[in-house]
1. Do you know which residues across segment 114-130 are away from the ligand (no atom under 13 Å from the Cβ) and crowded, with 23+ Cβ neighbours inside 10 Å?
2. Test each condition in (1) in a helix (DSSP H, G or I); (2) free of Cβ contacts under 8 Å to residues at least 24 places away in the same chain; (3) over 30 Å from Tyr295 (Cα atoms) for Ala95 and report the one that comes out false.
3. Just give me the residues in segment 150-205 being modelled with pLDDT of 80 or more, closer than 24 Å to Ser23 by Cα and part of a loop (DSSP other than H, G, I, E, B), in sequence order.
4. When segment 98-119 is examined, which residues are found to be part of a helix (DSSP H, G or I) and among the polar types (S, T, N, Q)?
5. Taking strands (runs of 3 or more DSSP E) that do not extend beyond segment 235-340, which have at least 1 residues that are away from the ligand (no atom under 16 Å from the Cβ), touching a residue at least 40 places away in the same chain (Cβ under 8 Å) and of a type in the set (A, V, I, L, M, F, W, C)?
6. Can you name every residue in segment 142-155 that is touching a residue at least 24 places away in the same chain (Cβ under 8 Å), within 14 Å of the ligand (Cβ to nearest atom) and within 15 Å of Ala175 (Cβ to Cβ)?
7. Please pick out the residue among Gly19, Gly43, Gly51 that is of a type outside the set (Ser, Thr, Tyr), closer than 18 Å to Ala407 by Cβ and at pLDDT 95 or above.
Amino acid sequence: MNTSKSEALFARAQKVMPGGVNSPVRAFKAVGGHPLFIASARGARVTDVDGNTFIDYVGSWGPMIAGHAHPRIVERVKRQAELGTSFGAPTGLEAELAEKVVAAVPSIEVVRMVNSGTEAVMSAIRIARGATGRDQIVKFEGCYHGHGDSLLVKAGSGVMSLGLPDCPGIVADLAKNTLTLPYNDASKVRELFDRQGDKIACLIVEPVAGNMGVVPPATGFLETLREVTRKAGAVLIFDEVITGFRLGLGGAQERFNVLPDMTCLGKIIGGGLPVGAYGGRQDLMDKVAPTGAIYQAGTLSGNPLAMAAGCEMLDILAEEGVYGDLEKKSDMLCRGYQDNASALGVAARFTRVGAMFSMFFTGRDVTDYESVKTCDTGLFQRYFNALLEEGVYMAPSQFEAGFMSLAHSEEDIQQTIEASQRALRKARG
Ligand code: KE4
């Protein structure tokens with residue numbers, strides 16, 4: 001496969017950007033070689049600057065659940081651009097998207113738009129600390145909640161792939177207030193809250209972990225988080241930046257019927273443009289400036305183009321049969337993957353919740369950060385690159401999720417399964 005133009009662009013980009021990228025995991029560090037520079041995308045496919053086309057399961061790390069360049073979203077953004085791209089003043093579009101989010105997400109009574117998932121999480125944590133007057137926060141190993149200082153403590157995602165369990169530059173006095181527990185270990189959560197629940201401002205969790213690969217919550221785990229935080233007067237935050245509108249209109253909280261006090265959203269709600277959001281109980285959100293004293297602001301928050309894209313995206317997802325279609329296609333793909341691994345005698349574990357899924361190259365059941373770390377990342381690297389040669393683009397890291405879109409056809413999925421079998425055979429050797 002000729003990737004000479006990507007290679008040249010990468011050399012050029014590295015002169016003026018850290019690692020030649022604007023987000024670390026794009027640099028292909030976990031899989032070797034150089035990243036593909038994408039020229040365009042449509043439906044289920046992306047095309048790089050050398051003209052190579054791939055069936056895409058990265059989906060821009062989640063947002064492209066309706067497929068790339070969806071005609072309705074493109075049209076809506078074009079129309080809005082002609083009316084102006086940013087005013088720094090309120091618009092009806094912001095109220096329209098906020099109403100859609102409030103109507104869809106069971107626990108959100110009031111919501112604030114920001115520009116990224118990181119900003120949403122940082123803000124939600126500030127509100128939890130401001131509302132409770134407490135400093136400590138609890139997170140889980142292998143979960144990633146963006147690059148806010150309090151959260152880069154044994155994070156997953158890019159940090160996990162880069163093997164940097166603690167990131168330099170984080171003030172020790174701040175990091176000490178972040179307590180980290182093993183994901184899916186309800187007894188450790190109880191133990192901590194029994195010991196010092198009255199010091200804990202909030203607990204933040206990916207209700208389905210997506211940043212160590214997809215790791216579903218164990219039975220009763222989310223219910224335990226709800227119970228202990230309520231008892232301790234701590235704020236329960238669901239980071240649904242990935243799962244929001246991915247697992248259903250109501251996200252993980254609707255699917256698992258556990259309602260947090262606050263929810264962080266991102267990715268899908270921007271329809272491919274930069275949007276994050278945080279929201280929850282009215283009494284908590286009333287503490288946010290200008291209603292309350294807890295300050296949070298943003299020049300481009302609620303940007304009209306992003307709001308237009310987000311509104312159109314949520315209208316598309318609200319249509320009849322959308323999540324049934326995603327479920328059927330995701331099931332078909334993951335069954336194919338499992339059949340391939342069994343046929344080739346490759347030790348692998350498969351996880352899937354709705355339209356997010358992972359194949360882990362390990363013989364151990366994957367339930368948390370420790371078990372995920374047993375994966376054979378060398379085999380993953382060979383598989384990733386062999387699959388790329390076969391025209392299938394998946395996340396360049398064992399510790400990320402795969403994403404299905406409405407644009408993937410059954411033919412695309414069958415083609416992927418066949419390509420995956422060839423790639424797995426080559427990677428296994
Ligand atoms: P952003 O700041 O990247 O918009 O969102 C941060 C974030 C927060 N919470 C969860 C559960 C997330 O998954 C993310 C971002 N996800 C990563 C990859 N899984 C984005 C890709 C990247 O970092 O380039």
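The values are calculated or read from the model by the stated rules, or taken from the named source; none is laboratory data. None of these values were measured; they are calculated from a predicted model. Note that each Cβ is placed from the backbone with ideal geometry, even for glycine, and that neighbours are counted across all protein chains shown. Just the protein is used for accessible areas: all its heavy atoms, side chains included, with ligands, DNA and RNA removed. Shrake-Rupley method; radii C 1.70, N 1.55, O 1.52, S 1.80 Å.
1. Within segment 114-130, the subset away from the ligand (no atom under 13 Å from the Cβ) is 126-130.
The answer is Ile127, Ala128.
2. The failed condition is (3).
3. Residues satisfying the conditions are Leu152, Pro168, Gly169, Ile170, Val171.
4. If we filter segment 98-119 for residues that are part of a helix (DSSP H, G or I), which is where we start, we get 98-104, 117-119.
Across segment 98-119, the qualifying residue is only Thr118.
5. Numbers: elements: 235-239, 262-265, 276-280.
In segment 235-340, the matching strands (runs of 3 or more DSSP E) lie at 235-239.
6. Taking segment 142-155 as the starting set, the residues that turn out to be touching a residue at least 24 places away in the same chain (Cβ under 8 Å) are 142-151, 153-155.
If we keep only those that are within 14 Å of the ligand (Cβ to nearest atom) as well, we get 142-151, 155.
The answer is His145, His147, Gly148, Asp149, Ser150, Leu151, Ala155.
7. Only one candidate qualifies: Gly43.
Conditions tested, residue by residue: (1) out of contact with any Pro (no Cβ under 9 Å at 6 or more places or on another chain); (2) more than 24 Å from Thr362 (Cα to Cα).
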| position | (1), (2) |
| --- | --- |
| Pro182 | yes, no |
| Asp194 | yes, yes |
| Ala201 | yes, yes |
| Val205 | no, yes |
| Val208 | no, no |
| Gly213 | yes, no |
| Leu222 | no, yes |
